[in-house]
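> Below is the structure I would like to discuss, written out as structure tokens.
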Amino acid sequence: MNVKTKNRLFKDKVMLWGICLFAGLTAVPLLAILGEVLLRGYDQLSWSFFTEPTPTAYKAMKAIAAGEPIPGGIANGIIGTLIMLGMAIVVAVPVGILCGAYLAENSKRRFAQVVSYLTDLLQGTPSVIIGIITYIWVVVPMKGYSAIAGSVALCIMMLPLIIRSTEETLKILPASLKEAGLALGANSARVMLKVQLPAAFGGIFTGVLLAISRVIGETAPLMFTALGCSLIRWSIDKPISAVPLLIWEFFNDPNLQDLIWGASLFLLLFVLTLNVLSKYLAKKWNQ
Amino acid sequence: MESVTPILEFKNTCVSYTKQTMAVKYVSAAIERNTITAIMGPSGCGKSTLLRAVNLMHNLYPNIRVGGEILLNGADILSMEPIDVRRRVGMVFQRPAPFPTMSIYDNVLSGFALNGIRLSKAEKDATVEHCLRSVALWDEVKDVLNKKGTFLSGGQQQRLCIARALAMKPDVLLMDEPTSALDPIATKHIEELLLELQKEVTILIVTHNMGQAKRISSKSMFMYLGELVEYGDTETMFTNPTDERTRAYLTGKMG
Ligand SMILES: Nc1ncnc2c1ncn2[C@@H]1O[C@H](COP(=O)(O)OP(=O)(O)OP(=O)(O)O)[C@@H](O)[C@H]1O
Ligand SMILES: [Mg+2]
């Protein structure tokens with residue numbers, strides 16, 4: 001082996017080690033966050049944490065004074081989050097898929113290009129602005145904070161993600177698939193519904209999961225719309241709680257600070273699970 | 001017999017992808033019922049373009065212009081609704097393209113599902129069995145009808161696609177190099193199948209394989225640079241072509 005080759009091999013090794021080092025460094029924050037939340041939060045997780053609503057400050061104070069763990073949990077937040085997410089999904093998924101299908105099919109039309117551009121803008125809009133807009137549009141006319149208003153804000157935030165993932169997935173399907181459907185004499189709506197959308201299901205589903213995991217931790221828009229509530233509530237026209245809202249409330253109430261970490265851990269695990277699930281499904285469908 | 005209208009007739013058919021050039025230039029030819037007609041010619045001469053004009057595939061792309069007339073049983077398809085034309089003119093593509101999310105069973109019936117035609121369970125079963133038998137696939141797949149069509153081999157997939165097209169009982173079947181992605185044995189299967197099928201349907205097949213054209217077709221077209229250079233009995237074309245360009249292509253001096 002001559003000197004030049006040795007030199008190159010050495011450079012190669014240095015590069016490799018460098019890359020590994022930096023890749024490791026980027027993983028540090030994630031692991032640190034996970035570790036911190038896990039260490040501080042795991043002993044708060046119990047059955048009652050998931051089934052009972054937030055305690056009053058007085059009850060919490062009494063428990064602390066007696067040296068007992070704080071009673072109650074985050075059930076009101078979990079139920080609120082699920083209700084608002086559910087309503088947002090029911091609207092955002094069909095609307096987003098239809099819109100994405102339209103954009104994919106008509107990418108040459110001026111109107112579609114404008115809509116596509118607006119979708120990008122919406123995706124980049126800060127969530128606090130979406131919150132204040134929803135406040136003006138929904139909370140003010142309805143004369144009160146409500147789960148409906150919260151779900152509208154979440155829905156607006158989910159839409160661009162679902163639209164984009166639908167559009168992108170449909171666009172990478174081979175044209176032959178659509179042509180094969182049309183060659184059988186079907187109209188294009190049927191081909192979209194029975195051939196193209198089913199073939200794009202994996203990508204669209206992944207997009208929906210990512211959209212959910214993006215909005216589930218949103219706090220700012222819910223402050224303007226859902227407000228929060230310390231009771232377990234099933235009605236959709238009254239203020240309602242959500243897990244990220246609770247974390248913010250716990251932070252602001254010295255008596256409840258012990259609950260922060262349990263709630264954070266729950267939220268973090270939920271989002272990580274969704275992410276892992278979406279990656280796994282994407283891989284599975286791509287085979 | 002002379003006065004019978006041909007099932008398909010090209011009259012000065014032109015297709016252009018761009019304003020400046022024509023990919024198919026003034027093609028005129030009458031296709032007889034229940035025959036297999038082979039379309040040959042060097043790559044890029046416009047074979048696929050001509051074929052795709054027949055089931056109005058070009059309508060999907062607004063830039064493409066189709067001129068002249070194409071008569072199906074005497075009526076000009078260029079002024080008909082694409083969905084009506086495509087129901088009577090089936091197409092099999094070069095690459096087998098079974099619908100990936102559908103089972104073998106559903107693939108055969110996909111034409112009905114896509115057109116919103118409802119069938120009873122018995123009708124479905126009968127159609128699936130009949131169509132798969134006519135493409136000689138039934139014995140191979142009858143126990144795995146609920147599996148996805150994409151699990152089949154290339155040749156089997158292509159036969160599935162032919163079955164799917166046949167299920168709609170088309171008058172004309174267009175095939176664009178249907179065997180170019182297949183091995184010789186699968187190709188042989190499909191050729192035998194086509195010879196059998198011409199009793200029911202008129203077949204227009206693009207092929208690069210001269211042996212194949214000789215084996216299965218009764219009529220042949222030879223295209224060159226978008227023009228139809230020669231059209232006639234396959235026998236005559238191979239033994240005694242009238243045009244010098246045809247002779248050059250068939251003897252391997254061009255293409
Ligand atoms: N989508 C398109 N846009 C522009 N030009 C095209 C398009 N498709 C084909 N052409 C042109 O039209 C001409 C005919 O193409 P066509 O695909 O019909 O050839 P072909 O005879 O089928 O060739 P092959 O044997 O390689 O399949 C070619 O010159 C090609 O460059
Ligand atoms: Mg071609």
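The values are calculated or read from the model by the stated rules, or taken from the named source; none is laboratory data. For clarity, every value in this text was computed on a predicted model and none was experimentally measured. When we count neighbours, we look across all protein chains shown, and the Cβ atoms used for this are built from the backbone with ideal geometry, even at glycine. Side chains are part of the model used for accessible areas, which takes the heavy atoms of the whole protein and leaves out ligands, DNA and RNA. Shrake-Rupley method; radii C 1.70, N 1.55, O 1.52, S 1.80 Å.
> Using beta carbons and a limit of 6 Å, which pairs, at least six apart or on different chains, have the first residue in segment B:41-55 and in contact (Cβ under 8 Å) with a residue 24 or more places away in the chain and of a type outside the set (A, V, I, L, M, F, W, C) and the second one open to solvent by 10 Å² or more (accessible area, probe 1.4 Å) and more than 6 Å from ligand 1 (Cβ to nearest atom)?
Listed pairs, sorted by first residue: B:G41/B:Y224; B:P42/B:G255; B:S48/B:D176; B:N55/B:R86; B:N55/B:M91.
> Also, quick follow-up: From the list A:V276, A:V208, which one is surrounded by fewer than 16 Cβ atoms within 10 Å (Cβ to Cβ), within 18 Å of the chain's Cα centre (by Cα) and in a helix (DSSP H, G or I)?
That would be A:V276, the only listed residue that is surrounded by fewer than 16 Cβ atoms within 10 Å (Cβ to Cβ), within 18 Å of the chain's Cα centre (by Cα) and in a helix (DSSP H, G or I).
> Let me ask something additional. Can you name the number of the only condition in (1) within 16 Å of ligand 2 (Cβ to nearest atom); (2) out of contact with any strand residue (DSSP E or B) (no Cβ under 9 Å at 6 or more places or on another chain) that B:R52 fails?
Evaluating B:R52 over (1) within 16 Å of ligand 2 (Cβ to nearest atom); (2) out of contact with any strand residue (DSSP E or B) (no Cβ under 9 Å at 6 or more places or on another chain) leaves (2) as the failure.
> Under 9 Å between Cβ atoms, which residue pairs at least 6 apart in sequence (or on different chains) link something in segment B:105-118 that is at the interface with chain A (Cβ under 9 Å from one of its Cβ atoms) with a partner that is buried (at least 19 other Cβ atoms within 10 Å of the Cβ) and of a type in the set (D, E)?
Taking only residues 6 or more apart or on different chains, the pairs are B:A113/B:D106.
> Could you check A:G217 against (1) assigned to a helix (DSSP H, G or I); (2) farther than 17 Å from A:F50 by Cα; (3) touching a residue at least 40 places away in the same chain (Cβ under 8 Å) and say which number it fails?
Answer for A:G217: the failing condition is (1).
> Checking the condition open to solvent by 30 Å² or more (accessible area, probe 1.4 Å) and either within 16 Å of ligand 2 (Cβ to nearest atom) or not acidic (D, E) (or both), which residue from B:K47, B:K11 passes?
B:K11
> Applying the selection to segment A:173-189, what residues are open to solvent by 40 Å² or more (accessible area, probe 1.4 Å) and either without any contact (Cβ under 8 Å) to a residue 12 or more places away in the chain or more than 14 Å from chain B (Cβ to nearest Cβ) (or both)?
The answer is A:P174, A:A175, A:S176, A:N187, A:A189.
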